Amino acid sequence: MLQNITFQDNLYQMARSIDTVFEGLQLDLAPEYFHKKTMSDLAFFDACIRRIHADLQKNNRLADYLPLMQAMHSCQQKLLQLLDRILGGEIPSADAFAANLADLQEMRNRHAKLAGETQESIVRTEKPGDSKDIVSSSELSELLNFQ
């Protein structure tokens with residue numbers, strides 16, 4: 001259970017950290033102050049997501065494996081959106097990243113592939129009709145018993 005809580009907490013923090021960088025890049029930040037920090041954050045996100053993904057794949061029998069993989073996929077999508085904004089020049093400080101475009105594109109390609117693998121794991125893990133909203137026949141009988 002501790003391992004499961006750790007994964008969830010780490011994925012939560014990763015998602016919030018990516019959101020913070022994403023929102024910060026919407027501002028007209030001075031590259032001399034923030035470019036190195038942003039590149040460092042991107043390298044951290046890259047390494048951390050890959051490591052958590054590998055650790056989750058090794059622990060695919062966790063009780064909450066499916067929600068964890070869904071949270072992982074969400075983090076991967078957030079990182080891909082962030083990288084797409086930078087690579088597409090859609091941020092005010094886009095010029096500061098010109099020298100890093102090849103590395104960022106490589107990172108984006110790596111995470112697009114990883115996100116595809118995560119999605120495949122999710123699909124394989126999901127059971128047909130697997131939903132928390134499904135009511136069993138005995139529960140339905142009990143609910144419909146108005147006496």
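The values are calculated or read from the model by the stated rules, or taken from the named source; none is laboratory data. Just so it is clear, the model here is predicted, and its values are computed rather than measured. When the accessible area is computed, the model is the full protein with side chains, heavy atoms only, and any ligands, DNA or RNA have been set aside. Shrake-Rupley method; radii C 1.70, N 1.55, O 1.52, S 1.80 Å.
Computed values, structure above
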item: Theoretical gain in end-to-end length, S17 to N100 [0.36 nm per residue, Cα-Cα removed]; result: 27.8 nm
item: Accessible area of the range 23-103 belonging to carbon and sulfur atoms, whole % at 1.4 Å probe; result: 50
item: Under 16 Å from K113, Cα to Cα: lysines that are on another chain or at least 8 residues apart; result: K78
item: Extension gain from A63 to A43, taking 0.36 nm per residue of separation minus the Cα-Cα distance; result: 4.2 nm
item: Full-stretch length increase - I122, A54 - with 0.36 nm per residue and alpha-carbon distance subtracted; result: 23.0 nm
